[in-house]
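Accompanying notes for the structure given below.
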Amino acid sequence: MTARTPLIAGNWKMNGSTESSQQLISSLCSGVSNDGDRNMLLCPPYPYLHIAAEALKNKAIMLGAQNIAMEPDSGAFTGEVSGLMLKNCGCQYVIVGHSERRALYGETDEVVSSKFIVAQAQGLQPILCVGETLEEREAGQTQNVVRRQIQKVIDSAGSTAFSSAVVAYEPVWAIGTGLTATPDQAQETHSFIRSLISEQDATIASLMQIIYGGSMKSENAKELLSMEDVDGGLVGGASLNAEEFLAIFQAA
Ligand code: PGA
């Protein structure tokens, strides 16, 4: 047994409307009790953060964002949203380095580590996403890719920064594809990630939450979440359905 509390995070991506967001949040609120055994986090699109923050007041569900500007201060950065703004909106977490941002918006390890640092400077917990493509897995490169992605953050932010961060292992080939890593595949990489941090600081490594993402759903959640180093989930598609997401939460 570890002291790590499971975290089930919903990454809504670019989905929903004002109305559907309100409905989803209200269904989730009625299904979640504050027993402290596990935590739920919602990451809606920016325009719904305020609505979500209002609806989650005094509720046992936390709020996070899907992205953050890499610039630390306000200024002429059209279209960007700063860490301070996210904090003002009631966010406690922010996803950085999601594979969609890396692949579609050209975010490099460098950019991702800047975002990680800027998030922490505002008191937001970064959820650092790492993971390999199918090509990389087939070439036996999974550990090298994950090591490179994490090492960049260790080099820039220092390993102690992982005492207030979450790592999400999201094999790119499993995201939105219906393909899920087997519990053993997930465990293997999660334990590798923990060992990378452990080389620097064993205590931080043992307390750090490492969550899994990639087609997690109610039918596979229990098995994945029962693995020793799988401390929760970053759930995309299945987080848009209250019943499904609550079932994953219950499985944790
Ligand atoms: P998915 O997405 O659950 O739809 O595969 C997970 C993610 O991208 O965070």
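The values are calculated or read from the model by the stated rules, or taken from the named source; none is laboratory data. Computed from a predicted model, the values in this text were never measured in an experiment. So basically every Cβ, Gly included, is an ideal-geometry build from the backbone, and we count neighbours across all protein chains shown. To get the accessible areas, we keep the full protein, side chains included, count just its heavy atoms, and leave off ligands, DNA and RNA. Shrake-Rupley method; radii C 1.70, N 1.55, O 1.52, S 1.80 Å.
Quick look at the values:
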quantity: Extension gain (nm, one decimal) between Thr177 and Met14, 0.36 nm per residue minus Cα-Cα; calculated: 57.0 nm
quantity: Anisotropy class of the chain from Cα gyration tensor, a/c 1.5 cut; calculated: rounded
quantity: Options Leu224, Thr189, Gly176, ranked by Cα towards positive dipole end of region 161-240, top entry (Cβ charges); calculated: Gly176
quantity: Mean Cα-pair separation over length for the chain, i.e. relative contact order, pairs under 8 Å, 6 or more apart, %; calculated: 21 percent
quantity: Selection of GluC sites (Glu not before Pro), region 206-252, meeting DSSP coil and at most 13 other Cβ within 10 Å; calculated: Glu228
quantity: Estimated inter-spin distance, Ala121 and Cys89, nm [label 7 Å along Cα→Cβ]; calculated: 2.0 nm
quantity: Loop trypsin sites (Lys or Arg not before Pro), region 57-101 (other Cβ atoms within 10 Å of the site Cβ: 10 or fewer; DSSP); calculated: Lys57
quantity: Simple spin-label estimate for Ser27 and Arg4 in nanometres, 7 Å along Cα-Cβ; calculated: 3.0 nm
quantity: Cα gyration tensor shape of region 106-166, rounded if a/c is under 1.5, else prolate or oblate by comparing a/b with b/c; calculated: prolate
quantity: Estimated inter-spin distance, Ala103 and Thr160, nm [label 7 Å along Cα→Cβ]; calculated: 3.7 nm
quantity: Total charge dipole magnitude, region 1-63, about the Cα centre, Cβ charges on Lys, Arg, Asp, Glu only, Debye to nearest 20; calculated: 140 debye
quantity: Potential extension, Ser198-Asp73 segment - 0.36 nm per residue separation minus Cα distance; calculated: 41.7 nm
quantity: Loop-located chymotrypsin sites (Phe, Trp or Tyr not before Pro) in region 22-124, at most 16 other Cβ atoms within 10 Å (DSSP); calculated: Phe77, Tyr105
quantity: For Asp229, solvent-accessible area (1.4 Å; no DNA, RNA or ligand), Å²; calculated: 20 Å²
